Structure formats: C-alpha cells, structure tokens
Amino acid sequence: MSDKETLERLPAVGVDFMDDDHEEAFALLDRIVGSLEGLVDADPEPPGLRRDLRDFIEHSRQHFRHEELEMQRAGYSPLPIHKQEHDQRLEELVGYVDDLDAGVISLQGLKSRFLDEFVPWYHKHCSTMDKATAKFLEANPVSENKPCDQCWVVTQKKRPV
Ligand SMILES: [Fe+2]
Ligand SMILES: [Fe+2]
C-alpha cells in the first residue's frame, strides 16, 4: 500500500463475532496506518504509536484465539493451517514492537513492514481463510453456541464502566 492510499475496510465474512472483531481490528489498524503513512525520515515518532501497536497485538491475540476455539468446537479440519498463519503473523507483530523498543528497526523500517507486509496480509487472510472458516461455521453450527469468554468484543462489553 502506498502513502496516499486509505485503508480499505475488511471484508464482511457473515459470522457475527468475526465481523465484530474485524470491525474493531479495522479501527485499531486505521489508527496505526494513520500514524505511519506520510511519515518521513526525520519525523519524530507519532505519539501513541507503540500503545496502538500493543492494543492491536492484544486484540489480534484474542481474536485469533476465539476463531481457533470456534474452529475446534465445529471440527474444522484446516484449523492447524489457519492457526499457523495466526501464530506466524502474531509473532511478527510482537517482533516489530520488540525491534522498535530495541532500536533494531527504524520508524521507516516499521512503516514498510507494517504497511507493505502486514496490512496486505491481514486483508488477504480475512478474504480467504476467514471467509472459508465463516462459511464452514455457518454450515455447521455448534449446538451450545454461546459467545466465548475469549471474544474481544464480549470481554470489552463485560467490563464495568
Ligand atoms: Fe479474523
Ligand atoms: Fe483468521
């Protein structure tokens, strides 16, 4: 994605908890992309960037876990392949922040990894693996289909105001 593009919305997949989580993910991604796009060499670090990255990592950790639990409950056989993608990308995301903290990558390095590698992957993952998973979950509903405690949206709503 180039500096001038705006972040494309994530595609709807048709399963409520996934679409709700993806909407949350989009809002968090949009903040990070907004901080990174247009950043040039001598610019200082945008305020809140690391906090936003950590929030997105935590959101992704919970969202990925929830998808994996639902795939497991529904007996979805491609679960290991889907989980492998989650694990790999989560590790990369954590690595971005660790490298930034350690001074191993510059803001420009983070910008190119995040905008050119992570964001396109996230869109592709939602359009392919998540869509296929959603289709299976819709066709194979689990009897006790209660929301799981791992769900980001559910846990956010449960928190006392
Ligand atoms: Fe997802
Ligand atoms: Fe996924």
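Side notes on the structure shown:
- Look at the dipole of the chain built from charges on Cβ: of GLY34, TYR96, MET129, the Cα furthest out on the positive end belongs to MET129.
- Helix runs (DSSP H) in the chain reaching 27 Å along axis by Cα, Kyte-Doolittle at least -0.5: 16-36
- MRE, 222 nm, helices only [DSSP H, n ≥ 4, -39500 (n - 2.57), over the chain, to nearest 500]: -20500 deg cm²/dmol
- The modelled label-to-label distance between ARG50 and VAL104, using points 7 Å beyond Cα along the C-beta direction, is 1.5 nm.
- Each label point was placed 7 Å from the Cα along the Cα-to-Cβ direction; for GLU58 and ASN140 their separation is 3.3 nm.
- Pairs beyond 22 Å (Cα-Cα), from LYS83/LYS131; LYS83/LYS111; LYS111/LYS135: LYS83/LYS111; LYS111/LYS135
- Separation of the LEU69 and ASP16 label points, Cα + 7 Å toward Cβ, nm: 1.6 nm
- The three principal axes of the C-alpha atoms in the chain carry coordinate ranges of 56, 36, 27 Å, sorted with the longest axis first.
- Arranged from fewest to most other beta-carbon atoms within 10 Å of their beta carbon, ILE57, ILE81, ILE32 become ILE81, ILE57, ILE32.
- Between ALA27 and GLU85, the FRET efficiency from the beta-carbon distance, with R0 = 22 Å, is close to 0.50.
- Cβ-based exposure ranking for SER143, SER106, SER77, in which fewest neighbours within 10 Å come first: SER143, SER77, SER106
None of the figures in this text is laboratory data; all of them are computed from the coordinates on show. Keep in mind that this is a model prediction, so the values were computed, not measured. Please note: Cβ atoms are built from the backbone with ideal geometry, for glycine as well, and neighbour counts cover all protein chains shown.
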